[in-house]
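So the structure is just underneath, and the comments pick up after that.
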Amino acid sequence: MGDAFDAVTVFFGAAVAGVTLFLPVTFSTVRDSTPYRITNLINSVPRGAAIGVIVAVAVAVIVCTAARPATAWLTALLGAVTQLVNHIAGEQVSSADMLTTQNYIDSVCAGVVLGALGAAVLRRALPAAGLALGGAGFFVFSDLSDLLNIDLDPYAVLETPPRWLIAVLLVLLVFSTMRNWSATVDQPPRPAIELPITPILAALVLALVILAVTEWLTKQFSNAPAIDHAVDIGLAAAATIAAATVAAMLLPGRDGAAVYLAVALTAAADAFGYVPRPGWSVWGMVALTAIGLLAGVRMPSMTLAVTLIAGIAGFAVLTPPDANWLLFTASSAVLALTAGYCCATARPRYAPSGVLALSALYLPSVVTALPDTDKAWHTPEASDYNSTPGRAALAIALGSAVGLAVLYRLRPRGRPRASGSTPDAALADI
């Protein structure tokens, strides 16, 4: 019963963090805003996500060194309280020009919540499933404008996520913190100064390189919009795979496989597009993600996971998923099942590795930078369908498949460890 309650808590925690990193601002006021404000608001989305990823992994690493699970729960509670205060106080005292700063504060709070909850539950099966379901489910649903009832008020940013959702999370966190207050975890003795940093380095490399690459590619298209920039897209995709490879090699054992899956899945979802969905359908998407999660637990296969991602990207090359209602519904179902399956198949052994993979779902991708208005979530207008996003996503999926093959070759399963070492202590065997 206790694990089930904690699973519900971390589900809402991952949902709040995901909504924060994915929708820190609303772009419904694009036509009525100044170009300067539009640019700042648009740029704050990927930058805020990168900040959130780095903070989440850093918090997970630090909290994992504590012997008491209550430390993680209390940290998550403090992060949620700070986020709620930011929403309430921001609406009273700030101007519209302060929205970007508040978005960054929100991203930091989301990172604290996600990192602390990951450290608390990723070694426990049911709560870990709740965390993955909350993060991946809301990643798949993506466009929450209808569910959150975002209107034309630019201050609607202070309601993504809405305060009632943060308040629900706070109540759940209070009870989970009290329930886990006296719990302890048996850990081998550690030197007082030991603090693993390689997961933090992995998060820095992955988040900052992807952010730099996407912003660079955006500028390339902005400076020369009439050119297809095929070489630039190829370079950006290669840099993304390189960053994922460095991050994967910095993580222990085969934990880096989760990073490859996250990077490829993000690109495939971006190529699929973010068409608004009715609010009621969120629970259907979450249910399908849960089914995929169960399938991955029963029959995990990294080959199948990569094949599913490549199939989604390949489908986006051939036809727009939103060409008609039936096609869009079926494609959305496949995406949700794939996201859940990938989460269960990756199954990192070290908690910060799982936090990195889950939070990386909300990073931008090469596809995000492409000026395809039919797929661009910040542009109200539409244009003719372009298969470039699908091709870019397919290239990243194939690159991730190669990276996974190399990782599995270099780090075979059951590799012997030095006497007395643990998965937590030996962070990277390179």
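Key figures for this structure:
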{"item": "Test: residue in the range 247-259 that is of a type outside the set (Asp, Glu) and in contact with a Cys (Cβ under 9 Å, 6 or more places away or on another chain)", "result": "yes"}
{"item": "From the options VAL282, VAL246, VAL209, VAL286, residue that is at pLDDT below 90, over 15 Å from the mean Cα position of the chain (by Cα), surrounded by fewer than 22 Cβ atoms within 10 Å (Cβ to Cβ) and over 15 Å from ARG391 (Cα atoms)", "result": "VAL282"}
{"item": "Residues located in the range 162-182, provided they are loosely packed, with under 14 Cβ neighbours inside 10 Å, modelled with pLDDT under 90 and not aromatic (Phe, Trp, Tyr)", "result": "SER182"}
{"item": "Cβ pairs under 7 Å, 6+ apart, first in the range 214-233 and surrounded by 11 or more Cβ atoms within 10 Å (Cβ to Cβ), second of a type in the set (D, E, K, R)", "result": "LEU217/ASP232; GLN220/ASP232"}
{"item": "Index of the failed condition, SER281 passing every other in (1) part of a helix (DSSP H, G or I); (2) under 22 Å from ARG411 (Cα atoms); (3) of a type outside the set (A, V, I, L, M, F, W, C); (4) in contact (Cβ under 8 Å) with a residue 12 or more places away in the chain", "result": "(2)"}
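The values are calculated or read from the model by the stated rules, or taken from the named source; none is laboratory data. Not measured: the values here are computed from a predicted model. Counting neighbours? That spans all protein chains shown, and the Cβs are built from the backbone with ideal geometry, glycine included.
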